Amino acid sequence: PVSLMVNTFGTGKIEEARIEALVREHFDLRPKGIVQSLDLLRPIYAKTAAYGHFGRDEPEFTWEATDKADALRAAAGL
């Protein structure tokens with residue numbers, strides 16, 4: 001991405017700037033980093049053609065993983 005914008009619409013428990021900093025700290029947002037962290041070079045895309053690719057719990061859909069949630073909570077002091 002060329003930019004990152006966080007907007008909690010007033011519902012955030014921490015400042016939006018802090019959330020942005022945490023995202024930048026915990027996620028590699030370079031193209032190579034995104035491909036590696038989501039393991040996107042696997043042939044899994046046929047499954048996304050039906051029923052969409054968000055909100056499903058298929059283990060192949062790595063973009064649904066919440067494995068960084070604990071580290072983000074700890075870093076945010078929550």
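The values are calculated or read from the model by the stated rules, or taken from the named source; none is laboratory data. None of these values were measured; they are calculated from a predicted model. All Cβ positions, even for glycine, are placed from backbone atoms using ideal geometry, and neighbour counts span all protein chains on display.
Key figures
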| quantity | calculated |
| --- | --- |
| Every residue from segment 32-78 that is over 26 Å from Gly12 (Cβ atoms), modelled with pLDDT of 90 or more and either surrounded by fewer than 10 Cβ atoms within 10 Å (Cβ to Cβ) or of a type in the set (Val, Ile, Thr) (or both) | Lys32, Val35 |
| Meets criteria (under 14 Å from Ala75 (Cα atoms), of a type in the set (Val, Ile, Thr) and part of a loop (DSSP other than H, G, I, E, B)) for Ile14 | yes |
| In segment 3-29, the residues that are among the β-branched types (Val, Ile, Thr), without any contact (Cβ under 8 Å) to a residue 60 or more places away in the chain and surrounded by 12 or more Cβ atoms within 10 Å (Cβ to Cβ) | Val6, Ile19, Val23 |
| Top-ranked residue of segment 11-31 - restricted to ones that are of a type in the set (Gly, Ala, Ser) and at pLDDT 95 or above, ranked as nearest to Asp70 (Cα to Cα) | Ala21 |
